[in-house]
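Okay, structure first, notes after.
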Amino acid sequence: MNLLFLGREYSKGADYFRDRLRAKIKELISRAEFVLKELEALYYPRKYRALKNRYYETDTLLLLER
C-alpha cells in the first residue's frame with residue numbers, strides 16, 4: 001500500500017507505476033508458488049519413505065524370524 005501511495009508522484013505517472021507494480025507482484029507470486037512446489041517435491045518423498053519404513057520394517061523383521 002505504501003508503494004502505491006508513493007507511486008502517485010512517480011515521474012512517468014501513477015498509471016505507469018501501478019501497472020509495473022502489479023506486474024512485479026504477479027511475478028513474485030508466481031515465483032513463490034514455484035518455490036512452494038519445489039519444497040513439496042522435496043518433502044513428500046521423505047514423508048512417504050518414513051511411512052514405508054514404519055509399516056514395512058516390522059513385516060520384514062517378522063519374515064526374518066520365521
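Read-outs throughout are calculated quantities, based only on the coordinates presented, and are distinct from any laboratory measurement. Because the structure is a prediction, the values reported are computed rather than measured. Note that each Cβ is placed from the backbone with ideal geometry, even for glycine, and that neighbours are counted across all protein chains shown.
Please arrange S30, S11 by how many other C-beta atoms lie within 10 Å of their C-beta, fewest to most.
Ordered from fewest to most neighbouring Cβ atoms within 10 Å, S30, S11 come out as S11, S30.
What is the projected area of the convex hull of the Cα atoms of the stretch 2-65, averaged over all directions, in nm²?
5.7
Measure off 7 Å from each Cα along the Cα-to-Cβ vector at L6 and Y48, then give the distance between these two points in nanometres to one decimal.
Roughly 4.6 nm, to one decimal.
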